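J.: This structure is in structure tokens; I'll ask about it shortly.
Please treat every number below as a calculation from the coordinates, not as lab data. Keep in mind that what you see is a predicted model, and the values were worked out from it rather than measured. When we count neighbours, we look across all protein chains shown, and the Cβ atoms used for this are built from the backbone with ideal geometry, even at glycine.
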Amino acid sequence: MRFALIGNPSVGKSLIFNQLTGLGVEVSNYPGTTIELQRGNTCFKREIVELVDLPGIYSLDGNSEEETLVRGFLEEGDVDAVIVVTNVTRLERNLYLLLQVAEYGLPMVVVLNMIDEATEQGLEIDPGPIHDLLGVEVILTAASQGKNIDQIIPASLAALSPAKVEIPYDHHVEAAIRSLGKMFEADRTESLRALLGFGDNPELLEAARTIADEIESRHRMTAAQIIAANRHNFAHQIADLTLKEEVVLPRSDLDRILTRAFPGLPILLGILVGMLLVVFIVGSFLEELIVNFFDVFALQPFIALGLPQLVETLGTSVLIALQAGLGIAFPYILLFFIIISILEDSGYMTRAAFLADNAMHRVGMHGGAVIPFTLAFGCNVPAIMSIRLLHSRRERIIASFLVTMVPCSARTVIIAGIVASFVGIAAAFSVYGIVFLLILVTGLVLSRVTPGERFGMIMEMVPLRQPDPKLVVKKAWTRLSEFLFIAMPLLLVGSVVLGLLDFFGIMAIFEEAVEPITMALLGLPGYAATALIFGILRKEMAFETLAILAGTADLGTVLSSLQLYIFAVVTVLFVPCLATITVLLREVGSRITLAITLYTVALGLVVGALLFRLLS
Amino acid sequence: MLPSTIEDYLEAVLEITENGRQSVMPQEIAAALQVPDAAADAVIASLIEEGYLERLTGDAVRLTEKGHSVASQVARKHRVLQCFLTEMLGVDAEAASKEACTLEHGISDETIDRLSSYMGDAQSPPGRRCRGEEACTLLDCKEGDTVRVAMMRGPRRHRRLLDLGIFPGEVVQIRRKLPNQSVVVRVKGCDIAISPEIAASILVESCPS
């Protein structure tokens with residue numbers, strides 16, 4: 001048996017999917033979290049049931065990636081029942097999609113989710129009308145409390161007959177459906193889809209287009225507009241029958257302050273700066289604890305064993321890698337992902353997108369780009385993945401350039417560990433200043449030169465919610481473990497290779513060769529170049545490598561403040577890490593990836609050289 | 001004095017000052033309306049008395065706020081009617097202008113709004129700039145306004161608006177409008193954030209005053 005979950009964004013599909021399958025699907029309170037199909041299995045009465053979590057969409061008639069994906073999935077019909085999840089507090093809008101799904105005539109179960117929120121708003125829900133109209137089972141649930149979730153699978157197994165619905169369309173549309181049906185023996189749904197320009201029969205499509213043009217010239221509205229309006233109106237009628245507003249309870253409206261220029265913008269800035277400060281301060285404190293703990297309880301006892309030289313080198317390398325990995329992962333990355341998860345789940349991100357829309361226009365994107373940008377402060381990898389939220393290739397290209405330049409938490413480690421610790425906190429913020437300035441300039445230039453059409457933002461402001469601490473931690477943990485899986489092996493291998501190269505004296509030869517160049521260009525010793533190159537594996541490794549090669553973690557004793565500052569700036573700008581390059585390849589293709597890589601290398605070296613000339 | 005006379009005079013002043021000029025001489029008004037100078041002077045004097053015009057240095061006059069609002073309403077009616085007569089009915093441009101001058105004084109605001117949105121929906125011949133000039137968009141609305149969507153420019157471009165419930169005939173409320181023109185509208189109980197350039201493509205039925 002295979003069932004699919006379908007619904008608007010942020011209605012709790014992924015949460016229900018999680019509860020039914022126990023898989024760690026990410027739940028976010030902003031549109032477009034689930035872009036690929038998530039599949040999972042669950043057992044019911046010793047039968048294996050496969051569940052597919054489809055991406056959140058508003059309609060089946062759009063052209064976005066998600067909508068095309070879901071449409072394709074439904075057209076294949078390789079599913080035993082669809083479970084339509086709706087947010088009952090926004091029922092009318094949710095019913096619009098539900099009606100479209102019902103028109104496909106697949107066996108269906110309707111889940112009216114968030115009844116807890118509806119009760120708080122004084123809504124009384126009667127599942128009767130939907131049940132009677134569509135002939136399907138209707139379940140009232142509160143997914144955040146796990147209420148009635150257990151009824152979904154039994155109801156889906158029992159749903160055998162297809163959903164039935166006849167939306168009353170405008171008489172011209174109805175006439176078109178009838179004549180297309182006569183001419184091509186197409187059924188109602190097929191004719192309707194042909195009028196909207198979907199289908200695979202070219203003759204049917206051609207005829208439908210002629211009729212659609214005729215309808216448009218008569219109505220002064222496109223066929224798509226008429227059909228959408230008819231569906232919305234029908235949805236409105238059903239919503240009226242289903243919901244009764246008992247008493248209108250006063251609702252606190254935080255948007256009064258969050259979405260105004262004042263105090264909304266200061267709040268947005270405060271949140272971003274506060275987030276960085278917390279990660280900086282709490283992160284470096286925790287990191288020190290972990291690093292010291294490792295020194296005292298692992299490294300020192302290991303060296304005290306007095307093992308043979310080669311074994312000792314290998315063992316120390318492994319321990320240092322673990323120390324570096326854990327010292328970064330827990331304090332910085334986990335902390336950051338927790339904060340981001342809170343912001344996402346609260347629904348604040350869409351407010352941020354609205355406020356930033358105009359600023360993002362300047363650099364050639366729209367407000368939705370705020371989401372990848374904020375994510376990028378944690379890790380560029382999920383940030384690059386989320387640029388799919390942007391609808392044109394033009395915006396995606398610009399975003400991929402700019403997002404790779406945003407200092408991620410690994411680069412924060414470098415800025416905090418090198419500049420803040422050895423040069424000063426003001427200098428650390430100046431590194432951010434330089435990077436942001438370069439991002440701005442790059443954005444301004446790219447928005448001028450990148451070809452392609454501009455698209456604006458049309459984004460639903462999801463309701464503000466109190467994030468559930470359990471879900472927040474779970475999500476942050478999932479993201480962290482992904483990070484650990486990619487990072488730790490690279491870190492271990494890199495550290496061991498480095499240890500061996502050093503052991504056999506190869507490193508010294510390389511450093512001697514590049515030292516004249518790095519000294520002349522950046523004023524940095526040769527081993528800094530090695531550290532930079534290892535930084536490509538993972539950014540924070542540049543810091544660790546520098547410490548290992550310098551032979552001390554107290555970098556202030558071997559390098560001047562200026563050298564440390566330049567090293568940090570160059571590392572932060574220089575080439576995205578390997579993982580980022582991998583996702584870039586997948587998302588924007590090899591040409592753009594190459595361009596981004598070359599651009600960032602050049603930028604890092606040029607800015608580093610300039611700083612060296614200006615400040616020395 | 002007939003209301004139509006007041007409106008004609010104010011409209012004439014508005015027309016003369018439209019290109020950035022601050023004031024108008026009575027002779028210019030007389031010439032524009034093709035009446036004797038003396039007759040014009042008398043009417044102008046009473047318009048000043050009633051607070052539609054104010055006198056500046058010398059004989060020059062200009063519109064007060066009150067006068068400006070009357071004048072621009074009449075001018076709008078004139079344009080809409082002229083558009084309708086030429087574009088829809090194919091009346092000759094000069095005749096249409098004359099006829100609009102007569103009709104503009106009798107027609108109600110409501111009818112003009114409907115006529116304007118009716119024409120907004122229609123496909124006007126290319127090259128003419130009649131359409132759109134009269135139409136107000138979401139950007140012309142203030143926070144808190146509740147308006148009915150009349151039409152969308154480029155209806156195929158923003159499919160998502162349709163799916164979120166913003167289509168001709170639907171009533172939307174402006175929840176938020178930032179100084180930089182980004183707007184949030186409430187439709188079907190949901191708040192939708194829209195970029196300025198998209199909001200500018202959504203025409204609304206009646207211009208909020």
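J.: Divide by every residue of chain A the summed helix terms, -39500 (n - 2.57) for each DSSP H run of at least 4, and state the resulting mean residue ellipticity at 222 nm, rounded to the nearest 500 deg cm²/dmol.
T.: Per the formula, -20500 deg cm²/dmol.
J.: Taking neighbour Cβ counts within 10 Å as the exposure measure, how do B:SER108, B:SER206 sort from fewest upward?
T.: With the fewest neighbours first, B:SER108, B:SER206 line up as B:SER108, B:SER206.
J.: Name the long-range amide H neighbours of A:ILE83: under 5 Å, sequence gap of 5 or more, or other chain; modelled H, no Pro or chain starts.
T.: Counting only residues 5 or more places away or on other chains, the set is A:ALA4, A:LEU5, A:ILE6, A:VAL109.
J.: If you don't mind, another one. Determine the shape class of the stretch A:171-245: with a ≥ b ≥ c the square roots of the Cα gyration tensor eigenvalues, call it rounded for a/c under 1.5, and otherwise prolate if a/b is greater than b/c, oblate otherwise.
T.: Prolate shape, in that a/c is at least 1.5 and a/b is the bigger ratio.
J.: Just to check I understand the Karplus step: with θ = phi - 60° and J = 6.51 cos²θ - 1.76 cosθ + 1.60, what whole-Hz values come out for the stretch A:540-546, glycine and proline as x?
T.: Result, ordered by residue: 5, 5, 4, 5, 4, 4, 4 Hz.
J.: On to the next question. Taking the Cα-to-Cβ direction at A:VAL318 and at B:SER97 and moving 7 Å from each Cα, how far apart do the two end points lie in nm?
T.: 9.3 nm
J.: Which of A:ASP345, A:ASP554 has the fewest other C-beta atoms within 10 Å, and how do the rest follow up to the most?
T.: Ranked by crowding around the Cβ, least crowded first: A:ASP554, A:ASP345.
J.: Oh, and also: Under the classification rounded if a/c is under 1.5, otherwise prolate if a/b is larger than b/c and oblate if not, where does the protein assembly as shown fall, given a ≥ b ≥ c as square roots of the Cα gyration tensor eigenvalues?
T.: oblate
J.: Which far-off residues, 5 or more places away or on another chain, put their amide H under 5 Å from the one on B:LEU53, with H placed in the peptide plane?
T.: B:ILE48, B:THR64
J.: Follow-up question, since we're still on this one. Give the long-range amide H neighbours of B:CYS136: residues separated by 5 or more places, or on another chain, with amide H under 5 Å away, using H modelled in the peptide plane at 1.01 Å from N.
T.: Excluding prolines and chain starts, which carry no amide H, the hits are B:VAL204.
J.: Could I ask something else about it? If you restrict to DSSP beta bridges whose two residues both lie in the protein assembly as shown, what percentage is antiparallel, to the nearest 5?
T.: Here the antiparallel bridges make up roughly 65 percent for the protein assembly as shown.
J.: Grab the beta carbon distance between B:VAL35 and B:THR111, set R0 = 45 Å, and tell me the FRET efficiency rounded to 0.05.
T.: 0.95
J.: In whole Hz, with x marking every Gly and Pro, tabulate ³J(HN,Hα) for the stretch A:573-587 from phi via Karplus 6.51 cos²θ - 1.76 cosθ + 1.60, θ = phi - 60°.
T.: Those phi angles translate into 7, 4, 6, x, 6, 4, 4, 5, 4, 4, 5, 4, 4, 6, 8 Hz.
J.: Rounded, prolate or oblate: which fits the stretch B:154-199, taking a ≥ b ≥ c as square roots of the Cα gyration tensor eigenvalues, rounded meaning a/c under 1.5, else prolate when a/b beats b/c?
T.: Judged from the Cα gyration tensor, the stretch B:154-199 comes out oblate (a/c at least 1.5, b/c at or above a/b).
J.: Here is a follow-up. Compute the distance in nm between two label points, each set 7 Å from the Cα along the Cα-to-Cβ direction, one at A:ARG218 and one at A:ALA158.
T.: Calculated label separation equals 4.5 nm.
J.: I've got another one for you. Contact order normalised by length for the stretch A:281-418, with contacts defined as Cα pairs under 8 Å and 6 or more residues apart; what percent is it?
T.: 21 percent
J.: Okay, next question. With 10 angstrom as the radius, rank B:ARG156, A:ARG93, A:ARG388, A:ARG193 by how many other C-beta atoms surround their C-beta, starting from the fewest.
T.: B:ARG156, A:ARG388, A:ARG193, A:ARG93
J.: Let me ask something else about it. Whole-Hz Karplus ³J(HN,Hα) for the stretch A:90-102, in order, using 6.51 cos²θ - 1.76 cosθ + 1.60 and θ = phi - 60°, x for Gly and Pro?
T.: Result, rounded to whole Hz: 10, 4, 4, 5, 5, 5, 4, 5, 4, 5, 4, 5, 4.
J.: How long is the gain from A:LYS470 to A:LEU614 if the chain were fully straight, where each residue apart is worth 0.36 nm and the alpha carbon distance is subtracted?
T.: That pair, A:LYS470 and A:LEU614, stretches by 46.8 nm at full extension.
J.: Turning to a different aspect of this structure: Would you mind computing, in nm to one decimal, how far apart the modelled labels at A:GLU65 and A:HIS171 are, each placed 7 Å from Cα along Cα→Cβ?
T.: 4.6 nm
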